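Written out below as structure tokens is the structure these notes cover.
Each reported figure results from applying straightforward, stated rules to the coordinates on display, with no laboratory input. Keep in mind that what you see is a predicted model, and the values were worked out from it rather than measured. Cβ sites come from the backbone with ideal geometry, for glycine too, and all protein chains shown count toward neighbours.
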Ligand code: NAD
């Protein structure tokens, strides 16, 4: 699918990978809607690219449905491109010191990362199904964001890895289900990227992480994520799989 003149929605577009993707798509000529919890940052990014921003919590299915209706009314048609970048990276041991359990972390992480992506996929896809097909029969493309933790989750990442594993695992059945409508579903599993999420880590942890990246031996740039999203949108033969974007990094146990 060509990006120019298409409507794209990007969750988590107020920051990091989502912001870079929103900017990239706007530069390529898309009309971009940013759905983010952080209204201030989302409005700033949307303002800089002539897009629109809507404050939502992606874990709320009705709010997602309503927000996509708003995008549809604003641009006059439903988006053909739906990219989920909204996510949280909470860490906790399953059973911590002195027996402290962490179901609250598991629950919240699954709700935002996995359920949030599921809700966006659901409510974007059901509208894409009603759009006219483009040349080649394509109606839309959905990109979800996993993490390399879906395969090499570290100690303390049980919740995060489970949420990202769910995103990777639902990619193929979703692509199979939506195939007859010409809607593709892909997932990107980033390694370690230079975003506010990573900036929150203690310096020694960040340094140790970078040491494990073979080449390029640095954190990934958000624009490199956007480049892969661009390729997924424009290359119709990419469907039903999760691509690691990681400089060959494999996360150590801790
Ligand atoms: P970030 O913190 O810079 O941006 C995340 C955005 O999501 C923020 O704008 C935040 O407001 C928004 N958000 C969080 N919870 C939300 C909710 N409930 N509803 C709506 N919006 C919400 O993070 P990032 O590094 O750009 O990460 C983007 C995605 O990529 C996440 O899913 C993350 O798990 C994944 N990822 C990031 C890295 C990395 O190294 N940065 C690596 C692997 C995977």
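General remarks:
- Given R0 = 25 Å, the distance between the Cβ atoms of residue 180 and residue 4 translates into a calculated FRET efficiency of 0.40.
- Ordering of 34-47, 15-28 by burial proxy (mean other Cβ atoms within 10 Å per residue, highest first): 15-28, 34-47
- Highest-MSF residue in the chain out of 206, 229, 30 [GNM, Cα springs under 10 Å]: 206
- Tilt relative to the chain, helix 158-178 - C-alpha long axis, 0 to 90 degrees, to 10: 30 degrees
- For the chain, the mean residue ellipticity at 222 nm estimated from helices alone is -13000 deg cm²/dmol, where every DSSP H run of n ≥ 4 contributes -39500 (n - 2.57) and the total is divided by all residues, rounded to the nearest 500.
- Computed extension gain for residue 122 through residue 234, at 0.36 nm per residue and net of the alpha carbon distance, reaches 38.2 nm.
- Using a simple spin-label model with pseudo-atoms 7 Å out from Cα toward Cβ, residue 62 and residue 254 lie 4.4 nm apart.
- Counting neighbouring Cβ atoms within 10 Å and putting the fewest first, the residues 48, 163 line up as 48, 163.
- Sorting 154-161, 236-243 by their mean Cβ neighbour count within 10 Å, with the most densely packed peptide first, gives 154-161, 236-243.
- Proxy reagent accessibility, fewest Cβ within 10 Å first, across 100, 31, 111: 100, 111, 31
- Maximal additional length on extending the residue 241-residue 205 stretch stands at 9.9 nm, based on 0.36 nm per residue less the C-alpha distance.
- Take 81-92, 60-71, 209-220 and order them by the average number of nearby Cβ atoms within 10 Å per residue, most first; the result is 81-92, 60-71, 209-220.
- This ranking places 10, 52 by how few other beta-carbon atoms lie within 10 Å of each, fewest first, which gives 52, 10.
- Euclidean distance between Cα centres, region 1-16 to region 86-157, Å: 18 Å
- Principal-axis tilt of helix 61-75 within the chain, Cα atoms, nearest 10 degrees: 40 degrees
- The chain: equivalent-ellipsoid semi-axes (sqrt of 5 x gyration tensor eigenvalues, Cα, Å): 29, 19, 18
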